[in-house]
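What follows is a single structure, written as structure tokens, with notes after it.
The values are calculated or read from the model by the stated rules, or taken from the named source; none is laboratory data. None of the values given here were measured: they were computed from a predicted structure. Cβ atoms come from the backbone with ideal geometry, glycine included; neighbour counts cover every protein chain shown. SASA here: full protein model, heavy atoms, side chains in, ligands and nucleic acids out. Shrake-Rupley method; radii C 1.70, N 1.55, O 1.52, S 1.80 Å.
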Amino acid sequence: MTPIRHNGSGGSDNDAVLDAVRDCVLAVGVRRTTLTDVARRAGVSRMTLYRRWPDVRSLVGDLMTREWIAVATGAIPEHRPGVPTRELITEGLVAAVRAFGAHPLFRKILDVDPELLLPYVLDRRGASQEALLELLAGSLREGHADGSVRAAHPGRQARSVLLIVQSFTLSLRTMTDEDDPELTSEAFLGELRDILERTLTP
């Protein structure tokens with residue numbers, strides 16, 4: 001599949017800061033995390049943080065970009081000879097939804113600070129969404145070329161697929177009943193797989 005360019009924070013120093021804010025958020029949530037807490041955990045001064053991040057929310061925004069891109073790209077299956085691109089796309093997207101559901105930071109934000117995600121659902125696309133759209137569009141073009149994906153405008157198709165996957169990622173737990181074998185998370189992921197197959201099949 002097509003590689004993506006990560007526009008988020010790079011370098012070990014920035015990673016150490018993002019690791020520190022992740023630990024803080026996992027411990028107490030975003031609203032109770034302060035730049036002082038992050039600086040102490042990262043072993044840097046507050047002024048070092050202020051030079052790059054004016055507040056905790058901007059720090060958390062960079063953290064989410066790093067984490068969400070890592071989850072999505074980590075779910076991409078390797079190319080397998082004779083396997084159509086459509087199957088790889090579907091497999092990767094279902095795996096990504098499953099991985100998000102198990103991701104500690106994603107679960108913590110949904111539980112404690114869900115309003116952080118609302119702007120990316122209602123108002124604008126974030127850096128991680130842009131990166132995922134780039135990845136998806138490239139993979140869809142590969143599917144167009146090998147004939148396994150329905151021909152369509154790749155940008156529009158990628159956005160439509162992301163809308164479907166984003167809905168499952170954010171709202172799956174509101175629809176599941178793990179006591180009913182027909183309504184478990186895995187049962188719904190099976191439905192997602194069918195939806196994507198039907199959407200992408202020529």
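When residues in region 78-101 are screened for being surrounded by 16 or more Cβ atoms within 10 Å (Cβ to Cβ) and farther than 16 Å from Leu140 by Cα, 7 of them pass. With respect to (1) among the polar types (S, T, N, Q); (2) open to solvent by 60 Å² or more (accessible area, probe 1.4 Å); (3) closer than 23 Å to Val83 by Cα, the lone exception for Gln157 is condition (2). Right, Thr85: under 23 Å from Val161 (Cα atoms), modelled with pLDDT of 95 or more, in contact with a Leu (Cβ under 6 Å, 6 or more places away or on another chain) and not aliphatic (A, V, I, L, M) or not? In short, no. Scanning region 102-118 for residues that are assigned to a loop (DSSP other than H, G, I, E, B) and either within 17 Å of Leu196 (Cβ to Cβ) or open to solvent by less than 20 Å² (accessible area, probe 1.4 Å) (or both) returns Asp113, Leu117. Within region 154-180, residues that are in contact (Cβ under 8 Å) with a residue 24 or more places away in the chain and closer than 14 Å to Arg125 by Cα sit with their Cβ atoms under 9 Å from residues that are open to solvent by less than 50 Å² (accessible area, probe 1.4 Å) and not in a helix (DSSP H, G or I), at 6+ positions apart or across chains, in these pairs: Ser160/Ala152.
Residues checked against (1) modelled with pLDDT of 95 or more; (2) closer than 14 Å to Arg98 by Cα; (3) in a helix (DSSP H, G or I); (4) open to solvent by 90 Å² or more (accessible area, probe 1.4 Å):
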site	(1), (2), (3), (4)
Tyr120	no, no, yes, no
Glu130	yes, no, yes, no
Leu136	yes, no, yes, no
His144	yes, no, yes, no
Ala152	yes, no, no, no
Val165	yes, yes, yes, no
Thr169	yes, yes, yes, no
Glu182	yes, no, no, yes
Leu192	yes, yes, yes, no
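Checking the structure you have, find out if any residue of region 50-58 is touching a residue at least 12 places away in the same chain (Cβ under 8 Å), open to solvent by 80 Å² or more (accessible area, probe 1.4 Å), more than 26 Å from Ser185 (Cβ to Cβ) and not in a helix (DSSP H, G or I). There is no residue in region 50-58 that is touching a residue at least 12 places away in the same chain (Cβ under 8 Å), open to solvent by 80 Å² or more (accessible area, probe 1.4 Å), more than 26 Å from Ser185 (Cβ to Cβ) and not in a helix (DSSP H, G or I).
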